[in-house]
Amino acid sequence: MLRPGADPENVSELDFLCDFCGSTWKSDRPMIEGHKGSLICGHCLTAAYTQVVLRNAGLTVPEHVACTLCLLNKSGDYWQSGTRVEVREEEVQIELEPGNAVCRWCIERSAGMLSKDGESGWRKPG
């Protein structure tokens with residue numbers, strides 16, 4: 001997500017926030033972008049990949065919950081952040097409760113793309 005109040009014509013690393021943990025983009029915290037500017041950082045992608053792909057322990061989400069990256073509700077496993085990150089009244093609110101969800105398809109695609117980016121330094125877990 002883009003930080004509220006950020007100038008779209010003059011954005012910096014600090015203006016890009018992970019939709020799953022609220023962390024800013026840094027050279028040691030690469031990110032993958034989904035639809036409509038949604039972002040997942042390498043740290044959250046590692047957690048999602050480990051739980052859903054390696055441990056086969058993903059969650060099933062209700063029909064009204066859409067994947068934050070692809071905006072679809074697909075059948076199958078999801079990873080859900082333990083932190084809710086949302087924009088309220090031009091501020092980013094971070095709360096310790098179930099947050100955004102990402103589907104297995106997006107986890108696998110994001111992991112594949114980020115692992116091929118040599119500059120990111122990110123590797124698939126396992």
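Is it possible to state the helix-based mean residue ellipticity at 222 nm for the chain, with each DSSP H run of 4+ residues giving -39500 (n - 2.57), the sum divided by total residues, to the nearest 500 deg cm²/dmol? What is it? Each step should come with its number before you reach the end.
On the way: 2 runs with 20 residues, N = 126.
After summing the helix terms and dividing by residue count, I get -4500 deg cm²/dmol.
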Worksheet item: Once label points are set 7 Å from the Cα along Cα→Cβ at both T24 and N56, what is their separation, rounded to one decimal in nm?
Response: 4.2 nm
Worksheet item: Counting Lys and Arg as +1 and Asp and Glu as -1, what is the net charge of the other residues whose Cβ lies under 10 Å from the Cβ of N100?
Response: -1
Response to the item:
Mean projected area, convex hull of alpha-carbon positions in segment 13-116, reported to one decimal in nm², is 6.6 nm²
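Whats the longest run of the chain with zero trypsin sites (Lys or Arg not before Pro) that are DSSP loop and have at most 13 other Cβ atoms within 10 Å?
Numbers: sites that count: R55, R123.
Segment 56-122 is the longest.
We did not get these values from a lab; they are worked out from the coordinates using the rules stated. Not measured: the values here are computed from a predicted model. Virtual Cβ from ideal backbone geometry, glycine too; neighbours counted across all protein chains shown.
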